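To start, the structure under review is shown below, and the notes come after it.
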Amino acid sequence: MINLIGTYESKADAKGRVMVSSALKKQMQPMLQEGFVLKRAVFQPCLELYPMKEWNIMMGRINKLNKFKKKNNDFIRRFTAGVKLVELDATGRILIPKDLCDFAGIQKQVVMSSSVSIIEIWDKDKYEKAIDDAADDFAGLAEEVMGNTDFDELS
């Protein structure tokens, strides 16, 4: 399993190209050959950058859904809407297509934040607002999500 670490700031140019920080690029080095998938996030106004290996795992799960159920088809269509294959160019940038920039509200300042095995790509102002909003009840959320977990069972 891939574990990416860190939050990095960058800038998007007029064409939607974003420089990946050297620290993040170093972590992504083993994944560069296979490429990445860029998609809309489900719960937030940001983008998700999946290393191809992680994307294939996700697609394996989704492929198990019964496609003769309308809800499953609707989910698959919306989950994969706007999905793009992307690569780092020779200078270490990724090109974010205009439709995905528009979805995430990416203007100029960008934040790339690790989310375990993927990278979230945010407009900086939206990222800071999401972090501030989440901080209000993070203790309660942490207790609800992790409080009843027996970590010995997870090993």
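The values are calculated or read from the model by the stated rules, or taken from the named source; none is laboratory data. Please read these numbers as outputs of a predicted model, since none were measured by experiment. We place every Cβ from the backbone using ideal geometry, glycine too, and count neighbours over all the protein chains shown. Each accessible area value is taken on the protein alone, full model and side chains, heavy atoms only, with ligands, DNA and RNA left out. Shrake-Rupley method; radii C 1.70, N 1.55, O 1.52, S 1.80 Å.
Among the candidates K70, K53, K11, the residue that is within 25 Å of K126 (Cα to Cα) and open to solvent by 20 Å² or more (accessible area, probe 1.4 Å) is uniquely K11. Of everything listed in (1) in a strand (DSSP E or B); (2) open to solvent by less than 50 Å² (accessible area, probe 1.4 Å), the single unmet condition for L100 is (1). Residues that are surrounded by fewer than 11 Cβ atoms within 10 Å (Cβ to Cβ), of a type in the set (K, R), free of Cβ contacts under 8 Å to residues at least 40 places away in the same chain and over 15 Å from V111 (Cβ atoms) do occur in the stretch 20-34.
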